[in-house]
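So the structure is just underneath, and the comments pick up after that.
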Amino acid sequence: MATRADRLVHETVDPQAPTRAAPRADLPLLQRAQDGGGGGGTAGGGASGNGGNGGSGGGGGGGAAPFLPDPGLLWLVFRRRLWLFLAVVAAVIGLVAAYTLSRPELYSASASVLIELSQPEVLTSDPVAPKRESETNVIDTEVEILSSRRLAGRVAEALKLETWPEFARASSAARSADAAGVGAPEPGTHPLAGAVLARMDIRRSGLTYLIDITATAESPKLAAALANEYARQYLAQQQEMKSSTSEGAQEFLQTRLVELRRNAAEADSALQSYMIRNGLMSAEGATMAEQEVSVLNQEISAARAALAEKEGQLAAARTRVGGRSGGGADVPAALNSATISQLRAREAELTGEVARLGERLGPQHPELRRAQGELVDIRQQIEQQINRVLASLEADVQAARSRVVSLEGSQGRARGSLAANSAAQAGYLQLERDAKAARQIYDTFLARAQDVEAQSGLIRPDASIETLARVPVLPSSPSYPLAAAAAVTLALILGFGAIAAAEYLDARIRTRADVEKRLGLAYLGAVPELSSTTRRAKGEVPQDYLLEHPQSQFTESVRALKNALLLQPGGAPRSIAVTSALPREGKSTTAICLARMLADAGVRTVLVDCDARRHAVSTALLPEGWDGFGEYLRRETPLARALAVEEATGLAVLGSRREEAGGRELFVTVPLTEMLAELALQFEVAVIDTAPVLGVAETRLIAAGADCTLMLARWRDTSIKAAETAADLLLAADAALAGVALTRVDVRQYGSTGQQDVYSYRDKFAGYYVD
């Protein structure tokens with residue numbers, strides 16, 4: 001299916017072909033519209049020959065669309081919707097400001113509590129309360145405890161919050177609910193616990209062991225008091241819980257100790273009675289028989305060791321004496337004798353003296369013989385002393401042997417007594433174990449009771465107050481900087497959102513892009529609102545201002561539209577139908593201006609008023625009661641006499657101001673083709689003002705008979721749907737639609753017709769126009 005763009009751009013035009021080709025009645029309407037006849041060719045030529053104005057009309061772009069939108073287009077849209085943006089921004093800022101100023105001022109104060117998972121131990125024994133593990137769950141649990149209603153109730157009671165005006169209403173509401181039995185607080189909690197919790201913000205400080213306690217109140221002093229009291233009550237609650245646990249443990253241990261002491265005494269008494277009855281009296285943990293046997297065993301071992309030692313000494317002495325090595329003088333017992341030592345000393349002196357005398361005197365010298373005799377006597381005395389030592393050793397051996405025999409006899413008798421007590425030993429052992437177990441249990445409980453009593457004076461909370469809250473100076477809510485930032489941010493978001501929504505929902509024709517891309521038609525130009533181009537045009541009508549100010553911006557816009565129509569690829573059209581989709585779109589005014597511009601340029605031009613219902617052209621240019629066009633159509637007068645000619649421009653006007661002519665079809669007696677042919681003989685261009693396409697069916701017939709059709713759309717008023725429908729009707733009638741021009745454009749607005757149109761550069765050409 002071919003589109004309007006296909007028919008406007010891609011159809012070929014034969015310059016030598018007739019101006020119009022009659023549509024074939026045997027073809028469907030859509031196929032006739034797609035046929036490459038003269039009408040479609042003219043429209044396509046108009047789209048591509050407007051000096052660059054219409055070159056892009058309806059054609060599909062071959063290049064890929066850019067990834068980011070054109071910033072110039074965004075700026076144009078923003079400038080176009082600036083007042084909407086400012087209105088939304090002002091409304092949002094005003095609402096946020098009103099809400100912020102209506103809020104009461106609240107003050108926030110923060111205290112912090114440090115959770116001490118491990119404390120220095122004064123006592124090495126385990127505490128009564130269990131130790132905390134260093135886990136994140138412990139900190140989270142403490143946060144939940146701080147957020148409990150019970151602790152909040154303690155704070156409310158400590159500060160007497162019911163006396164503060166802020167809590168007076170909450171206190172009254174709580175009492176009323178309690179009386180009615182509806183929404184009453186939990187048992188054991190303060191009625192204001194919920195109100196206190198609503199003003200508290202308790203959270204962990206990052207991943208540390210600190211818990212921040214933030215209180216909010218209308219009074220800065222109350223905010224600080226709430227935060228500090230919350231921390232104090234938390235520590236006091238921990239202290240009370242630990243003290244209560246310790247006191248309970250002490251009470252239990254003391255009660256149990258009385259019972260255990262009685263049990264231990266009864267077990268000891270039973271053991272003693274049994275030992276007395278069975279002769280099992282013991283000392284140092286053993287019975288008498290066991291102790292006697294043990295002692296005898298030790299004494300026998302010692303006696304046997306002594307006997308072995310004596311026998312060894314005697315054997316060694318005999319061996320030395322028998323061997324005559326030293327004459328037994330080196331026997332240990334002899335060495336320890338003082339007498340033998342003196343004799344040995346005397347022997348040494350005499351031996352030395354004999355040696356000296358033998359060197360000086362002869363062998364028979366009396367002195368020498370005396371010394372030798374004395375030496376022999378001394379040695380005999382030493383031998384006698386050694387013999388006495390040997391006799392003493394033999395006596396010691398005999399005595400040691402006798403002692404061993406005696407001790408072994410006593411050991412046999414003691415073992416007999418021990419065997420006699422073995423039958424009663426089993427009962428003794430059982431009673432001893434029972435008594436020992438009772439004493440151990442009692443000792444354990446006693447030690448624990450002493451530890452608990454010692455710890456009772458060292459109990460402290462597992463937390464400490466790190467910082468206390470100070471009385472705030474500035475309110476925390478409402479935060480005016482935050483409110484301002486939020487207002488600006490929200491205003492900008494909603495402002496831009498409003499622009500986007502307005503652009504999305506705005507289905508009116510505004511820019512050249514709307515004509516070329518959304519309608520698929522050639523853009524021929526834009527005629528501005530006269531008041532937007534100059535301040536001096538008050539009271540002047542556009543068609544008169546056109547002639548009086550030939551160098552004005554308004555005149556230049558009509559001149560550009562004229563050139564766009566005349567510079568068609570198939571040649572300048574001889575007849576131009578001017579129409580619009582809806583009424584009041586500046587169609588008749590534009591037709592008058594266009595016709596006057598052509599006539600002023602020396603082109604023989606006739607302006608035909610074919611709007612039989614409104615007669616806007618005739619009302620503006622013809623005198624009252626003029627009916628030249630009606631008389632011509634009724635063949636009552638020739639064409640030359642039906643025309644009215646302006647003296648200033650030479651423009652011929654064919655129209656009628658007679659109301660009775662309205663309501664009937666115009667070209668019944670005189671066909672349209674006959675009239676156009678007759679006008680072509682006298683004029684170079686015929687400008688035909690027609691009725692709106694959507695309201696009058698005859699307009700399509702007139703457009704189909706004209707060489708080209710100019711469709712006008714009022715800027716920011718005509719909807720896209722209406723223009724599309726009008727264009728489809730014209731093309732279906734095989735009209736040579738040259739393109740679309742915008743009317744009544746407010747060129748004072750930035751980029752009023754789009755960034756690709758000439759009005760985007762209006763300020764740069766301010767010196768070229770003269771009002």
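Name the lysines eligible as straight-distance cross-link partners of LYS587: C-alpha to C-alpha under 27 Å, and not fewer than 8 places from it in the same chain.
Counting by Cα, and skipping residues close in sequence, LYS587 has these lysines nearby: LYS517, LYS538, LYS562, LYS721.
For VAL541 paired with ALA305, estimate the spin-label separation in nm (one decimal), with each label point 7 Å from Cα along the Cα-to-Cβ line.
Calculated label separation equals 15.3 nm.
Under 20 Å Cα to Cα from LYS221, which lysines show up? Leave out anything in the same chain fewer than 8 places away.
LYS160
Might you report the magnitude of the Cβ-based charge dipole of the range 553-650 about its Cα centre, with Lys and Arg at +1 and Asp and Glu at -1, to the nearest 20 debye?
Magnitude of the dipole: close to 320 debye.
Note the full-extension length gain between ALA158 and LEU95 as 0.36 nm times their separation in residues minus their Cα-Cα distance, in nm to one decimal.
Gain in length upon complete extension: 18.6 nm.
Sorting check: for 579-592, 640-653, which peptide has the highest mean count of neighbouring beta carbons within 10 Å, and how do the rest follow?
Packing order, densest peptide first, comes out as 579-592, 640-653.
Of all the Cα-Cα pairs you can form in the range 611-730, what percent are over 24 Å apart?
Value for the range 611-730 (Cα pairs over 24 Å): 29 percent.
Provide GLU374, GLU347, GLU162 ordered by accessible surface of protein heavy atoms (probe 1.4 Å), highest first.
Ranking GLU374, GLU347, GLU162 by accessible area, largest first, yields GLU162, GLU374, GLU347.
May I ask you to compute the full-extension gain from SER269 to TYR769, defined as 0.36 nm times their residue separation minus their alpha-carbon distance, rounded to one decimal in nm?
Residue separation times 0.36 nm, minus the Cα-Cα distance, leaves 166.6 nm.
Taking a ≥ b ≥ c as the square roots of the eigenvalues of the Cα gyration tensor of the range 503-601, is the shape rounded (a/c under 1.5), prolate (a/b larger than b/c) or oblate?
The shape class here is oblate.
Return the Rg/Rh ratio of the range 593-655 with Cα-based radii and a Kirkwood Rh.
Reported Rg/Rh (Cα atoms, Kirkwood Rh): 0.96.
Using a Förster radius of 35 Å, what is the FRET efficiency between LYS721 and GLU665 based on their Cβ-Cβ separation? Nearest 0.05, please.
For LYS721 and GLU665, the calculated efficiency is 0.80.
Just to be sure I follow: if Rg is taken over the C-alpha atoms of the range 551-694 and Rh is the Kirkwood radius over the same atoms, what is Rg/Rh?
Result for the range 551-694 is an Rg/Rh of 0.94.
Just from the alpha-carbon atoms, what are the Rg and Dmax of the range 660-730 in angstroms?
Gyration radius and largest Cα-Cα distance of the range 660-730: 13.9, 40 Å.
Determine the gain in length on full extension of the stretch ALA601-SER531; use 0.36 nm per residue of separation and subtract their C-alpha separation, reporting nm with one decimal.
Extending this stretch completely gives an extra 22.7 nm.
The values are calculated or read from the model by the stated rules, or taken from the named source; none is laboratory data. In this text the structure is predicted, and so the values were computed from the model without any measurement. Please note: Cβ atoms are built from the backbone with ideal geometry, for glycine as well, and neighbour counts cover all protein chains shown. Just so you know, the surface numbers come from the protein's heavy atoms only, side chains and all, with ligands and any DNA or RNA stripped out. Shrake-Rupley method; radii C 1.70, N 1.55, O 1.52, S 1.80 Å.
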